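The values are calculated or read from the model by the stated rules, or taken from the named source; none is laboratory data. These figures come from a predicted structure and were not determined experimentally. Positions of Cβ are backbone-derived with ideal geometry, glycine not excepted, and every protein chain shown enters the neighbour counts. These area figures cover heavy atoms from the full protein model, side chains too; ligands, DNA and RNA do not enter into them. Shrake-Rupley method; radii C 1.70, N 1.55, O 1.52, S 1.80 Å.
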Number of protein chains: 2
Amino acid sequence: MEQLFVIKIGGNVIDDPEKLQDFLHTFARVKGKKILVHGGGKIATKIGHGLGIEPNYHQGRRITDDKTIDLVTMVYGGLVNKKIVASLQALNENAIGLTGADGNVLPAVRRPVKEIDFGWVGDIQESQVNTALLSALLQQNITPVFAALTHDSQGHILNTNADTIASVLAVALSKHYDVRLIYCFEKKGVLLDVEDDHSVIHRIDPPLYQQLLAEKKLFEGIIPKIDNAFAAIGSGVKEVLIGDSQDLAANTTPEITGTLIIY
Amino acid sequence: MEQLFVIKIGGNVIDDPEKLQDFLHTFARVKGKKILVHGGGKIATKIGHGLGIEPNYHQGRRITDDKTIDLVTMVYGGLVNKKIVASLQALNENAIGLTGADGNVLPAVRRPVKEIDFGWVGDIQESQVNTALLSALLQQNITPVFAALTHDSQGHILNTNADTIASVLAVALSKHYDVRLIYCFEKKGVLLDVEDDHSVIHRIDPPLYQQLLAEKKLFEGIIPKIDNAFAAIGSGVKEVLIGDSQDLAANTTPEITGTLIIY
């Protein structure tokens, strides 16, 4: 099967115009089929502040209320997404900006209210992904660029975690492609010593992971990422890579600088 | 050739949530291929006001400065466009939201500076339209929904008149489809008596137009619309209809209530 890269970038790239442009230059030069998924970064908070929309928390969990979903629809789906698309077009990368509502690519279910009503937040499943449209776009050498938004099929846009969107797209498309799912974050990869960028573990398989867990050698926050990576691999994704956005060129080749998670 | 409707709605529909929902219900029931083009309405001005971005005029002409292009990219390309797409999905209409940057569908040229620098405003030509992607989407029964934004192929989004986008799309696609271009506005059609909705002229051809002009029977503001309609027809569009957004059901059949402009 043909290779497909599903690449997720977060706020640390989106919020830094120079880092974003550097990343997009590298992204445009990556050969082959690819999909970009972006979060929103701090710009939504900043614009929301200007409009008198303050982040809304309940028991420490962020709530997407009516004003907030409009805000993120504007900022993630409009400002951030279209600027990325226009930048990629200037780099001769034929990008198309999408939310899950566009072409019904990612229908979601509004998260059921249990202890907390998270508001306009959507949960997604790989079985619901409209892979036909995505495959048709990829075959036309058009690169989908996803904002972290889905819809409830009842007329509402939903806020959805960008990591989850990347993972669900990767799993759904693994039936048609050899997918490498790449999570870009602020570190070189999974580090043995969180202070030392040279301590990247370049390859983690289940036995090594169990050993690292037993030896308590993994820094805080990385364990859920690795768990999610193994879940994606268990569902058909060929490999998951965790690395620095600035190392994308290497991390889309066999000479990786980040951490490859495989069975 | 198969029929295609290219339908433009403006601020009078966008700014009125009830009118917009009524319109989208009717739009979703229109049989056959269709494209929607929307302007932005007053919501951009309102949100801009909240953010301290006031409309910028020079010699009476509106200027799209740096802050304004970001504002309209957010509001037209994000908030308005994605809400329309989500609403159409709820009505089982498989819509996809686009700007001219997406899939490079509408590359533009930033308007050259002569007496006035209009800022981030784009001019477009039918020969530049990427009809391959649009035709592919239409063949998959996906309905493009355009925000009135294009791009300069150098990384910038450009503000572009929605009437012009509708006309340029209609002309470019007239090679592949029998296109009826429908301009929705606040009146039933071209009226002989501007105060009387029953005075619609249902059909205007060039001889009648010359006669109406000579007799000074056309109300102010409608003449450029009719001139643009004849220009579109002269460039291959089969027919142009000017009518009320609330009459879309009739105006997409032979039993029109608006004004059909034909050769």
Which whole-number value in Å² is the accessible area per residue of segment A:66-208, probe 1.4 Å? 36
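Just the projected area, averaged over all directions, of the convex hull on the alpha carbon atoms of segment B:187-234: how many nm²? Please list the in-between numbers first.
Numbers: hull surface 13.1 nm².
That works out to 3.3 nm², a quarter of the Cα hull's surface.
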Between A:Gln154 and A:Ile262, how many nm apart are label points set 7 Å from Cα along the C-beta direction? 4.5
Where only alpha carbons of segment B:1-112 are counted, the Rg and the Dmax (Å): 15.7, 50
Which one, B:Thr26, B:Gly60, B:Gly11, projects farthest toward the positive side of the charge dipole computed for segment B:3-186 from Cβ point charges (K/R +1, D/E -1)? B:Thr26
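DSSP beta bridges in segment B:3-186, what fraction antiparallel, as a percent rounded to 5? All intermediate terms of the calculation are to be shown ahead of the outcome.
On the way: 8 of 30 bridges.
Expressed as a percentage, antiparallel bridges in segment B:3-186 total about 25.
Taking the radius of gyration and the Kirkwood hydrodynamic radius from Cα positions alone, what is the Rg/Rh ratio for segment B:116-159, to two decimal places?
Result for segment B:116-159 is an Rg/Rh of 1.06.
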Taking the Cβ of B:Lys83 as the center, what net charge do the other residues with Cβ under 13 Å away carry, scoring Lys and Arg +1 and Asp and Glu -1? -4
Write down the Kirkwood hydrodynamic radius of segment B:3-186, to one decimal in angstroms, obtained as one divided by the mean of 1/r over all alpha carbon pairs. 16.6
Note down the nm distance, to one decimal, between modelled labels 7 Å out along Cα→Cβ at A:Ser235 and at A:Lys31. 3.1
For the protein assembly as shown, what does the helix formula give at 222 nm: sum of -39500 (n - 2.57) over DSSP H segments with n ≥ 4, over the residue count, nearest 500 deg cm²/dmol? -10000 deg cm²/dmol
List, largest first, the extents of the alpha carbons of segment B:114-263 along their principal axes, each in whole Å. 48, 45, 27
Looking for one value pair here: nearest-to-axis residue in chain A (by Cβ) for the rotation onto B, and the distance in whole angstrom. A:Gly78, 1
Between B and A, buried accessible area summed over both sides at probe 1.4 Å, in Å² to the nearest 100? 2800
Surface accessible to a 1.4 Å probe, A:Val113 within the full protein complex, Å²: 90
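Taking 0.36 nm per residue of sequence separation and subtracting the Cα-Cα distance, how much length would be gained by fully extending the chain between A:Lys46 and A:Glu195, in nm to one decimal?
50.6 nm
Given N residues in the protein assembly as shown, what is Rg(Cα) / (2.2 N^0.38 Å)? All intermediate terms of the calculation are to be shown ahead of the outcome.
Working: Rg = 24.7 Å, N = 526, 2.2 N^0.38 = 23.8 Å.
Cα-based Rg divided by the globular estimate yields 1.04.
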Which residue, chosen from A:Leu213, A:Ala170, A:Ser199, occupies the Cα position most advanced towards the positive end of the dipole of segment A:159-231, where the dipole is computed from +1 (Lys, Arg) and -1 (Asp, Glu) charges on Cβ about the Cα centre? A:Ala170
Heavy-atom accessible area ranking, 1.4 Å probe, most first, across A:Ile53, B:Ile9: A:Ile53, B:Ile9
A:Glu186 accessible area, nearest 10 Å², 1.4 Å probe? 120
Please report the accessible area of A:Met74 (heavy atoms, 1.4 Å probe, ligands and nucleic acids excluded) in Å², nearest 10. 10
Dipole in debye (nearest 20) - the protein assembly as shown, about Cα centre, beta carbon charges: Lys, Arg +1; Asp, Glu -1: 600
Label-to-label distance, nm, for residues given as A:His202 and B:Asp16 (7 Å Cα→Cβ offset): 6.6
With the label set 7 Å along Cα→Cβ, A:Ala231 is separated from its counterparts in the other copies, in nm and shortest first, by 5.5
DSSP-defined beta bridges in the protein assembly as shown - what % are antiparallel, rounded to 5: 30
Would you list the P(r) distribution for segment B:143-211, with all Cα-Cα distances sorted into 10 Å bins from 0 and each bin expressed as a whole %? 15, 32, 32, 16, 4
Ordering B:Ser199, B:Ser235 by accessible area with a probe of 1.4 Å, largest first, what comes out? B:Ser235, B:Ser199
Could you pull the copy-to-copy label distances for B:Gly50, with points set 7 Å along Cα to Cβ, in nm to one decimal and sorted shortest first? 1.2
Part-to-part distance (alpha-carbon centres) for segment B:210-263 and segment B:148-170, which is given in Å: 23
Please report how far the C-alpha centroid of segment A:172-194 lies from that of segment B:1-75, rounded to the nearest whole angstrom. 39
Cα-centred dipole magnitude for chain B, charges only on beta-carbon of K, R (+1) and D, E (-1), debye, nearest 20: 460
